[in-house]
Amino acid sequence: MLTNKKIGFGITGSFCTINNIPPALENLQKAGAQIFCFVTKNVLHTNNRFNNANDFIKKLEDITQKKVISEITEAEKFGPFHPLDCMVIAPITGNSLAKLANGITDNAVLMSTKTTLRNRKPVVLAPFTNDALAMNGTNIMKLMNTKKIYFVPFGQDDPVKKPTSMTSDLSKLKDTIICAMDEKQYQPVIIENFHKK
């Protein structure tokens, strides 16, 4: 169902998570999708204990055979000139969730999301945030109640040590995209007893 579909894939700075993104991209490509990667400046430039920024960007470009988009001006073109069939943000941090929920567009990921919504196409979010059940709870609920926005199933990853943290099950990403393109939310969206191993 994803054959020749243009999928935007936005990546924000949940650095402990982004090494799980390349396999997710490969899975979507195997399903026939054309992938366009968008990254924030933090993802583009920040080396951290989980990965080297340049190596990560090269891996994305090797998989998609396309240059990663990091400038707002380039991302904006995907509205009128290169419309996407669906926009994904995985991972989406609490910071980006808050910006999206409040109409702030200050990076390429959020701009491509804004242009996709303007074109009345679906946006799929995969939250990875330590404050899903704290300050960002209201933003998540606001986005859940927004037309054309859908969520990858997510739940508490460590209720004892991080009781407000929630993370997405990326194994459900492809199915969530397929449902979203049919204007349906994949269910269940809140996962009971989901724990990272």
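A compact table of results
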{"quantity": "Among (1) in contact with a Phe, Trp or Tyr (Cβ under 6 Å, 6 or more places away or on another chain); (2) closer than 15 Å to Thr40 by Cβ; (3) not aliphatic (A, V, I, L, M), the one test that Pro127 misses", "calculated": "(2)"}
{"quantity": "Residues of region 1-56 classified as within 18 Å of Gly79 (Cα to Cα) and of a type in the set (Lys, Arg), total", "calculated": "2"}
{"quantity": "Hey, Ile57 under 21 Å from Val124 (Cβ atoms), out of contact with any His (no Cβ under 8 Å at 6 or more places or on another chain) and of a type in the set (A, V, I, L, M, F, W, C) or not", "calculated": "no"}
{"quantity": "Within region 82-109, tally of residues that are farther than 12 Å from Val43 by Cβ and either modelled with pLDDT under 95 or of a type in the set (Ser, Thr, Tyr) (or both)", "calculated": "2"}
{"quantity": "Single match in Ala53, Ala33 (criterion: under 22 Å from Leu2 (Cβ atoms) and hydrophobic (A, V, I, L, M, F, W, C))", "calculated": "Ala33"}
{"quantity": "Single condition Lys58 does not satisfy, out of (1) surrounded by fewer than 21 Cβ atoms within 10 Å (Cβ to Cβ); (2) more than 15 Å from the chain's Cα centre (by Cα); (3) over 30 Å from Pro159 (Cβ atoms); (4) touching a residue at least 12 places away in the same chain (Cβ under 8 Å)", "calculated": "(4)"}
{"quantity": "Test set (1) crowded, with 23+ Cβ neighbours inside 10 Å; (2) among the polar types (S, T, N, Q); (3) more than 12 Å from the chain's Cα centre (by Cα) - Ser165 fails condition number", "calculated": "(1)"}
{"quantity": "Test: residue in region 168-175 that is of a type outside the set (A, V, I, L, M) and closer than 22 Å to Thr40 by Cβ", "calculated": "yes"}
{"quantity": "Residue in region 143-197 that is modelled with the lowest pLDDT, counting only those that are of a type in the set (Phe, Trp, Tyr) and not in a strand (DSSP E or B)", "calculated": "Phe194"}
{"quantity": "Filter result for the condition that a residue is of a type outside the set (Val, Ile, Thr) and under 20 Å from Pro188 (Cβ atoms), over Met141, Met135", "calculated": "Met141"}
{"quantity": "Sole residue being among the acidic types (Asp, Glu) and surrounded by 15 or more Cβ atoms within 10 Å (Cβ to Cβ), chosen from Glu76, Glu71, Glu26", "calculated": "Glu76"}
{"quantity": "Residue among Leu133, Leu117 that is assigned to a loop (DSSP other than H, G, I, E, B) and without any contact (Cβ under 8 Å) to a residue 60 or more places away in the chain", "calculated": "Leu133"}
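The values are calculated or read from the model by the stated rules, or taken from the named source; none is laboratory data. The model shown is predicted, which means the values in this text are computed figures rather than measured ones. Backbone-built Cβ (ideal geometry, glycine too); neighbour counts: all protein chains shown.
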